[in-house]
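Here is the structure we will look at, set down as structure tokens.
All of the numbers you see were taken from the coordinates with simple rules; none came from a lab. Just so it is clear, the model here is predicted, and its values are computed rather than measured. A quick note on method: Cβ atoms are made from the backbone with ideal geometry, for glycine too, and the neighbour counts reach across all protein chains shown.
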Amino acid sequence: MCRAYAAAAVGECATVDEVVEIESVIQDPVTYFRKSGVDTVIFAQPDKRLAVAAFKARVRNRIGNARQKLYQMIFCNQRVRFSKRTSPLHEAQINFEFLKPFGLTEIPDLETIGGMYAFKPSANPQVHAMLKRYRFNLVIHTKSNGHGREWPPQHFLELARRLSRHPDIHLWATGSASEGRWLEQNASELLNMPNVSNVCGGFTLAQFSAFIRNADGLIASGTGPLHMSAALGQRTLGLFPPTRPMHPGRWAPVGPRARMICMPTSCSGCAKRKTLSCECMENIPPEVVESIVLEWFNEACGNDARARIAEAGATAADAVSQRHA
């Protein structure tokens with residue numbers, strides 16, 4: 001069960017049998033729970049109205065964090081107790097706490113969790129047509145929708161300038177429509193680079209998921225698309241401050257090809273800053289990010305070459321087989 005805006009992405013997880021949009025049941029959640037046959041609800045995000053509804057509908061197992069909200073102590077009958085603020089665990093690990101009522105005794109490490117995802121975005125001809133024009137497609141998600149510290153636009157510009165020396169590499173600036181307008185007003189030089197295309201606001205969530213999956217890499221700060229990319233198995237680079245609670249120990253991307261960059265110490269007064277930028281992020285050098293992108297590029301080109309060799313070998317073998325036949 002999730003908000004409608006996320007339903008398309010959640011539905012692409014092979015281990016999810018059905019997605020229920022909260023908006024479709026919120027007018028009468030009690031009736032929904034009574035008729036659905038649901039026997040367990042985990043309130044990974046506190047929601048008083050749904051907690052009360054599950055209680056009234058007599059859902060057998062109602063699991064919530066009793067330390068988050070008092071009403072979860074009242075309306076949940078399977079209670080866990082943990083503090084996200086003080087926990088040393090990553091966000092992905094913290095949420096395994098909700099499975100302890102089922103007998104879970106050990107929370108898996110991040111490498112194990114990174115192999116548990118089963119996202120399979122549907123094929124999208126429009127996305128494929130956009131990306132096939134370039135040998136290497138790099139997604140740069142420059143904004144965070146206000147959810148975290150951001151790498152400065154001028155650093156993305158410097159990265160684009162450096163990568164312009166490699167004509168096979170193309171950058172795609174993604175984000176919401178409002179973020180696209182912000183970039184047009186505040187980072188027009190980046191969007192006007194010949195090796196950068198602005199597709200902000202141009203995708204549904206399902207299309208964006210397919211776009212990330214079919215690209216060759218993604219760079220972002222701590223925001224949703226970063227974690228989508230990591231979960232999809234894409235080459236992913238997260239840029240983070242070392243300051244709690246925004247630090248990578250809590251929010252680093254988790255996936256088989258995910259990595260992150262973080263400065264070793266926080267800048268002065270970092271935790272109290274209300275802005276989206278700080279010296280922690282400004283001090284992440286564009287040349288370091290460039291080196292990682294070029295590493296990805298060389299890897300992708302090597303894979304392409306091996307794929308072409310394998311295809312040529314298969315074609316030759318087929319031709320020989322046909323001659324013998």
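A few remarks follow.
- Quotient of the Cα radius of gyration of the stretch 145-245 and 2.2 N^0.38 Å, N being its number of residues: 1.05.
- Extension gain (nm, one decimal) between M116 and N303, 0.36 nm per residue minus Cα-Cα: 64.9 nm
- Helix runs (DSSP H) in the chain reaching 20 Å along axis by Cα, Kyte-Doolittle at least -0.5: 286-324
- Debye intensity ratio in log₁₀ form over the Cα atoms of the stretch 1-93, taken at each q of 0.18 Å⁻¹: -0.90
- The stretch 57-156: Cα Rg divided by the 2.2 N^0.38 Å rule of thumb: 1.61
- Cα lying deepest toward the dipole's positive end in the stretch 1-92, options Q68, A14, V38, charges on Cβ: Q68
- FRET efficiency, Q154 to Q27 (Cβ-Cβ, R0 30 Å, nearest 0.05): 0.05
- A simple charge model with +1 on the Cβ of Lys and Arg, -1 on the Cβ of Asp and Glu and nothing else charged puts the dipole of the chain at about 1220 debye relative to its Cα centre.
- Relative contact order of the stretch 190-288, pairs being alpha-carbon contacts under 8 Å that are 6 or more residues apart, as %: 19
- Quotient of Cα Rg and 2.2 N^0.38 Å for the chain, N being how many residues it contains: 1.15
- Over 25 Å [Cα-Cα, the stretch 84-207], rounded percent: 46
- Considering only the chain, percent of DSSP beta bridges that pair antiparallel, nearest 5: 5
- On the beta carbon distance between N192 and R165, with R0 = 22 Å, the FRET formula returns roughly 0.80.
- Nitroxide proxy distance, nm - points 7 Å out along Cα→Cβ at T105 and I292: 3.8
- The packing ranking of peptides 179-189, 160-170, highest mean first, is 160-170, 179-189, where packing means the average number of other beta carbon atoms within 10 angstrom of each residue.
- Rounded FRET efficiency, nearest 0.05, which uses the C-beta distance separating C13 from A123 and R0 of 22 Å: 0.85
- In the structure shown, the pairs K84/K272; K84/K274; K100/K272 are assessed against 29 Å; a Cα-Cα span above that value is assigned to K100/K272.
- Each helix, a run of at least 4 DSSP H residues, gives -39500 (n - 2.57); summed and divided by the residues of the chain, these come to -12000 deg cm²/dmol at 222 nm.
- Antiparallel bridge percentage (DSSP; both residues within the stretch 1-139; nearest 5): 10
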